[in-house]
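All remarks here apply to the structure that follows.
Only the coordinates and a few stated rules stand behind these numbers; no lab work does. None of the values given here were measured: they were computed from a predicted structure. Don't worry about glycine lacking a Cβ; one is built from the backbone with ideal geometry, like all the others, and counts go over all protein chains shown.
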């Protein structure tokens, strides 16, 4: 099953989440297991399986990193379960600095301002890598796809930082 086709949207990194949600509801109306309550076991099982597939597709298309990994895998480059590390020393240095800044946040004189500044840095990186990914994933050039894989790896770091920041915020403000 091709997820973009299933949701009747163009194959593009930048997706219309509203359209995805609308198609999701339509698909669920058609295949929801409750509609097959009076049917045979085979039909019930197929409905449950189809619903699970639609839910998986929705989760992947809605999440930028998962969507990018999926798009790359559809092009023959599957990095979803890889253990490869980044070889970009500048990015790795930047990540070390960001992690240090994250650890120092609770001890800041103005914690809220420090958090806001950190969030802005993360947002800037997210936008930068997402813009690059959109171009690279639409390319037929093999080198662009390799760079897309690296940008996905970088975006994963950004999302981990975002999650860690959320945990710190929760611990500070709860």
>> Just to confirm my numbers, what's the Cα centroid distance between the stretch 29-97 and the stretch 131-154 in Å?
In response: 19
>> With 10 angstrom as the radius, rank 63, 23 by how many other C-beta atoms surround their C-beta, starting from the fewest.
In response: 63, 23
>> Over the stretch 1-118, what portion of Cα pair distances is larger than 24 Å, expressed as a whole percent?
In response: 54
>> Compute the angle between helix 111-137 and the longest alpha-carbon principal axis of the chain, please, reported from 0 to 90 degrees and rounded to the nearest 10.
In response: 50
> What is the order of 133, 102, 92, fewest Cβ neighbours within 10 Å to most?
Replying inline: 92, 102, 133
> So what's the stretch 3-62 giving for Rg/Rh, alpha carbon basis, Kirkwood Rh from the mean inverse pair distance?
Replying inline: 1.05
> What Kirkwood hydrodynamic radius do you get for the stretch 51-116 when you take the inverse of the mean 1/r over all pairs of distinct Cα atoms, in Å?
Replying inline: 15.2
>> Taking the 0 to 90 degree range and rounding to the nearest ten, how far is the long axis of helix 41-62 tilted relative to the main principal axis of the chain, both from C-alpha atoms?
In response: 30
> How high is the relative contact order of the stretch 89-173, given as a whole-number percent (alpha carbon pairs under 8 Å, six or more residues apart)?
Replying inline: 32
> So for the stretch 89-173, what percent of the C-alpha to C-alpha distances run longer than 14 Å?
Replying inline: 66
> Order of 125, 25 from fewest to most other C-beta atoms within 10 Å?
Replying inline: 25, 125
> Can you give the calculated 222 nm mean residue ellipticity of the chain, where each DSSP H run of n ≥ 4 adds -39,500 (n - 2.57) and the sum is split over every residue, rounded to the nearest 500 deg cm²/dmol?
Replying inline: -24500 deg cm²/dmol
>> Quick check: the angle from helix 17-31's long axis to the longest principal axis of the chain, C-alpha only, nearest 10 degrees?
In response: 30
>> Please compute the contact order of the chain in relative form: average sequence separation of alpha-carbon pairs under 8 Å and at least six residues apart, divided by the residue count, as a percent.
In response: 22
> Can you give the FRET efficiency for residue 107 and residue 29, using 1/(1 + (r/R0)^6), R0 = 41 Å, r = Cβ-Cβ distance, to the nearest 0.05?
Replying inline: 0.20
> Counting pairs of alpha carbon atoms under 8 Å apart in space and at least six apart in sequence, what relative contact order in percent does the stretch 3-62 give?
Replying inline: 38
